[in-house]
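Inspection log for the structure reproduced underneath, given as structure tokens.
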Amino acid sequence: MKSSRKITYVMAISAVTLISSLYIWFPFLGTRAAPMQHFGNVLAGVMVGPLWGLAVPLIVGSLRIGLGLGTLFAYPGGIPGVILVGLFYKLTGRFRDPRARFLCAFVEPVGTVLLGGTVSLLILFPFLPDLFPLSPSLSALLARGEYFLALLIFWSGWAASSVPGAIAGYLVLIALHKVMPQIFRRD
């Protein structure tokens, strides 16, 4: 795929993700959960791959933060998901059936929740508490050394955001494949 087409896809996915994130979000334990960010990660990982796909969470996260609508959790919450989707699409992209091919969408929550959530809670928050603020209840759990319980609570919020986004991304990929299969050709 040509670079100009990848840039176009990145910008279009970023625009749709940003605009939809303005309307579809919910607060959860100090973060602003945006399921549509994960939707955009799925589309980007499949349509432009893991490296070009990195631009989508960076662009959308930066704009949401700049508009005062997001937190720095947007970066560790978005980047691992798009990388995993892109890598797994390289494996599942060989399948003929689009329902099987696009199952890579469901590794987005793995990257977001397990990788991004763990890094955010156990590495970023302790070293940069002013930049990554948590709710008082999670901060208290961490202060008492109850890391696993804090992780479970934190992961649940990120899963509540990333799982619906991954499902929406999967369904849109299947629909796009039906109406515009040419955009999935590798040329």
How many residues, within segment 43-58, are buried (at least 19 other Cβ atoms within 10 Å of the Cβ) and in a helix (DSSP H, G or I)?
11
So Thr112 clears everything in (1) β-branched (Val, Ile, Thr); (2) under 18 Å from Leu176 (Cα atoms); (3) touching a Phe, Trp or Tyr at 6+ places or on another chain (Cβ under 9 Å) except one condition, right? Which one?
(2)
Tell me the helices (runs of 4 or more DSSP H) entirely within segment 66-174 that contain at least 2 residues that are touching a Cys at 6+ places or on another chain (Cβ under 9 Å).
74-92
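State yes or no: is Ala166 under 22 Å from His38 (Cα atoms) and either at pLDDT 90 or above or buried (at least 17 other Cβ atoms within 10 Å of the Cβ) (or both)? Full working, then the answer.
Working: under 22 Å from His38 (Cα atoms): yes; either at pLDDT 90 or above or buried (at least 17 other Cβ atoms within 10 Å of the Cβ) (or both): yes.
So Ala166 passes the test.
Considering only residues that are free of Cβ contacts under 8 Å to residues at least 60 places away in the same chain and buried (at least 19 other Cβ atoms within 10 Å of the Cβ), look in segment 127-154 and name the one that is farthest from Gly116 (Cα to Cα). Spell out how you get there, then give the answer.
First, the residues of segment 127-154 that are free of Cβ contacts under 8 Å to residues at least 60 places away in the same chain: 127-131, 136, 139-152.
If we keep only those that are buried (at least 19 other Cβ atoms within 10 Å of the Cβ) as well, we get 141-142, 150-151.
Numbers: Leu141: 19, Leu142: 17, Ala150: 14, Leu151: 11 Å.
Result: Leu141.
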Take Gly61 and tell me if it is within 24 Å of Gly93 (Cβ to Cβ) and either assigned to a helix (DSSP H, G or I) or not polar (S, T, N, Q) (or both).
no
Can you pull out the residues in segment 99-114 that are farther than 14 Å from Val42 by Cα and buried (at least 16 other Cβ atoms within 10 Å of the Cβ)?
Val113, Leu114
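So if I check each of Ile83, Ile79, Ile65, which one is of a type outside the set (Ser, Thr, Tyr), surrounded by fewer than 24 Cβ atoms within 10 Å (Cβ to Cβ), more than 30 Å from Gln182 (Cα to Cα) and out of contact with any His (no Cβ under 7 Å at 6 or more places or on another chain)? Reasoning before the result, please.
Details: Ile83 fails: more than 30 Å from Gln182 (Cα to Cα); Ile79 fails: more than 30 Å from Gln182 (Cα to Cα).
Result of the check over Ile83, Ile79, Ile65: Ile65.
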Residue pairs qualifying under the 7 Å Cβ cut-off, at least six apart or on distinct chains, with the first in segment 4-23 being at positive phi and the second being hydrophobic (A, V, I, L, M, F, W, C) and at pLDDT 95 or above, are none
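The values are calculated or read from the model by the stated rules, or taken from the named source; none is laboratory data. If you're wondering where the values come from, they're calculated on a predicted model, not measured in any experiment. Here Cβ is always computed from backbone atoms with ideal geometry, including for glycine, and neighbour counts include all displayed protein chains.
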